[in-house]
C-alpha cells in the first residue's frame, strides 16, 4: 500500500470515529427525553391550531387578522422537567413559553411566562429588564447578548425543579434563580402572580401576533 493510501485510510478512520463520537454524545445527551412534536401535525397539543400549524418539521405561527396568535399548549401537564427546543425569530418577534400554566387565563400570571423576544428590535429598546428574552416575566430578569442574529436558529433549555429554574440559551445560562426567593418581597413588576405557587401545569407557546417557528421540541420529566 502506498504512503498516499495509508494517509487516506487514516483520514477516513478519523472521520468515522468523529462521526460516531458525535452521534454517541447526542444520544447520551438526549437519553430520557420524549419528543413533543412529531414534525407532521399538532397531535398532542391543544389550543389555537389555526395560527399555529406544522410546516416542514416546524411549528410555525402565522397570526391572521387581530387574533394575536393565541396560545398552543401541551395536552399533558408537567411539574419538574427539562424542556429543550429551538426557535427562529423574525424581526421584532414576540412570543412566550408558558410553564405550569392552566388552559384559561393569562399564563404570565396564572402560570409563569418565559419571554421569547427579538431583543435587538428598536421598538423594544426601552423595555423593563424583566421583559427581555428568557426572563421570567415580571419576576426574574435574564442576561442579554446571547441570542443569535434574527433568522438563525437558537437552542434553549429550561430546567425546572421545585421553585428553581435554570435557562440555557445557545450554551450560556441566562437565568439561574428561584421563583419563591425572587418574589419573597414582592415581584419586580409589582403585580400579583398567583401562578408562582403552581407546581404543575401545561407548557405552551404564547402568541403576541408575530411570526416565528419552533422545532426539535422535547422534554424529560424529573
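A few points about this structure:
- Convex hull volume of the Cα atoms of the chain, normalised per residue: 151 Å³.
- Once the Cα atoms are used to define both axes, helix 3-29 deviates from the longest principal axis of the chain by about 20 degrees.
- Directionally averaged shadow of segment 69-171, computed from the convex hull of its alpha-carbon atoms, nm²: 6.6 nm²
- Each peptide in 107-113, 145-151 receives the mean, over its residues, of other Cβ atoms within 10 Å, and ordering these scores from highest gives 107-113, 145-151.
- Taking 7 Å steps out from each Cα toward its Cβ at residue 173 and residue 189 produces label points 2.5 nm apart.
- Relative contact order computed over the chain (Cα-Cα under 8 Å; 6+ residues apart), in percent: 30 percent
Throughout, read-outs are computed from the coordinates displayed, never taken from laboratory work. Just so you know, these numbers come straight off a predicted model, no measurement behind them. Neighbour counts run over all protein chains shown; Cβ positions are idealised from the backbone, glycine included.
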